[in-house]
Amino acid sequence: MSVDLGEKLTVVPAPRDERLVRDLADAGVPEGTVVGVYNHRLYAHYGTAEFTALARRLVHDAPVRLMVMDLFGQRSPERIRLDPSPERFRDELAALDRVTVASDGGDRVRYRQMLAGSHFGIAPFREGCPWSMSVIDCQGMALPVIAPRTGWLAEHIDDELLFDTPDEALSIASRLATDAEFYRVQAKRAYASTVDLAPDQVAARYLEALR
């Protein structure tokens, strides 16, 4: 037996944070050291082991540096006992050359500055990922985001930035770092992908769904 929810269920996405939107003209093409940002929670179930393995290859084989955001800071001993994986992965990543682990301290202005100082984002390896506000944050700042071909990411991210293997991820990151025209095109596409997530448009969709 199945239930037809055709006209009873509407999914309305979260709006982008307008504080994390910048003019494409301010983004530009990276010059000098290219920085990739990973701004996701470091839980094991987010696929952090896979990201850590990729990070080792990226900083060794591609012309990039990585900034990993520590979104938790100092957690309580009780929370660590429940799941120690964020601390373990944070320490592993911090020990890698050309990887910086940094925190915005919960300050959205600082968060924006950190994204603005980066050149591309890396999506989480969370299996069947249904949504990622951190991906939208990067794209609103005109940062191309490379992503594993899974879940919502495979539907939302530009196909040229999706990968199935670490080798493909390495190739895409290297191209973003060295091919100015490819980077410029992908920055525009990233920005455009969040335009219909402006708060007024999301609110209009929500109100329409209630009618």
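The values are calculated or read from the model by the stated rules, or taken from the named source; none is laboratory data. Remember, it's a predicted structure, so these values are computed and weren't measured experimentally. Positions of Cβ are generated from backbone atoms using ideal geometry, with glycine treated the same way; all protein chains shown enter the neighbour counts. Please note that ligands, DNA and RNA were not included when accessible areas were found on the heavy atoms of the full protein model with its side chains. Shrake-Rupley method; radii C 1.70, N 1.55, O 1.52, S 1.80 Å.
Observations on the structure shown:
- Lys/Arg +1, Asp/Glu -1 at C-beta; the chain dipole; positive extreme among ILE172, LEU161, ILE80: ILE80
- Rounded to whole numbers, the Karplus 3J(HN,Hα) couplings from phi for the range 63-72 are x, 9, 10, 10, 10, 9, 8, 8, 7, 9 Hz, using 6.51 cos²θ - 1.76 cosθ + 1.60 with θ = phi - 60°, and x at Gly and Pro.
- Antiparallel DSSP beta bridges within the chain, percent to nearest 5: 0
- GNM flexibility winner over the chain from LEU24, LEU58, LEU66 (Cα, springs under 10 Å): LEU24
- Around the amide H of VAL101, modelled in the peptide plane, lie the amide H atoms of VAL68, all under 5 Å away and 5 or more residues distant in sequence or on another chain.
- Carbon/sulfur fraction of accessible area - the range 51-139, other protein chains in place, 1.4 Å, %: 50
- Net charge, VAL202 excluded, C-beta distance under 12 Å - Lys, Arg +1, Asp, Glu -1: -3
- Working note: Debye formula, equal point scatterers on the alpha-carbon atoms of the range 147-195, no solvent; log10 I(q)/I(0) at q = 0.22, 0.26 Å⁻¹ is -0.81, -1.03.
- Average accessible surface area per residue within the range 104-208, 1.4 Å rolling probe, Å²: 44
- Fluctuation leader among ALA53, ALA154, ALA27 - the chain, Gaussian network, Cα springs under 10 angstrom: ALA53
- Counted over all Cα-Cα pairs of the range 74-211, pairs farther apart than 18 Å make up 66 percent.
- ASP17, ASP167, reordered so the largest accessible area comes first (probe 1.4 Å): ASP167, ASP17
- Debye intensity ratio I(q)/I(0), log10, the range 75-149, q values 0.13, 0.22 Å⁻¹ (C-alpha model): -0.52, -1.27
- Dividing the summed -39500 (n - 2.57) terms of all DSSP H runs of n ≥ 4 by the residue count of the chain sets its mean residue ellipticity at 222 nm at -13000 deg cm²/dmol.
- Accessible solvent surface per residue of the range 1-63, calculated while the other protein chains remain in place, 1.4 angstrom probe, Å²: 61
- Listed residues MET133, MET141 arranged by accessible area, highest first, probe 1.4 Å: MET133, MET141
- The charge dipole of the range 94-211, taken about the Cα centre with unit charges on the Cβ atoms of Lys, Arg (+1) and Asp, Glu (-1), comes to about 380 debye, rounded to the nearest 20.
- Cα-based shape type of the range 1-125, given that a ≥ b ≥ c are square roots of the gyration tensor eigenvalues and the cut on a/c is 1.5: oblate
- Since only ALA27, LEU96, VAL11 are under comparison, the one whose Cα sits farthest along the positive direction of the charge dipole of the range 10-151, derived from C-beta charges on Lys, Arg, Asp and Glu, is VAL11.
- Remark: the chain carries a charge dipole of roughly 520 debye about the Cα centre, counting +1 on each Lys and Arg Cβ and -1 on each Asp and Glu Cβ.
- With all protein chains modelled, accessible area of ILE80 [1.4 Å, Å²]: 50
- Nonlocal amide H pairs with VAL37, under 5 Å, H built at 1.01 Å: MET67, HIS119, PHE120, GLY121, ILE122
- Whole-Hz Karplus values for the range 139-146 come out as 5, x, 8, 6, 9, x, 10, 8 Hz, taken residue by residue from phi with 6.51 cos²θ - 1.76 cosθ + 1.60 and θ = phi - 60°; glycine and proline positions read x.
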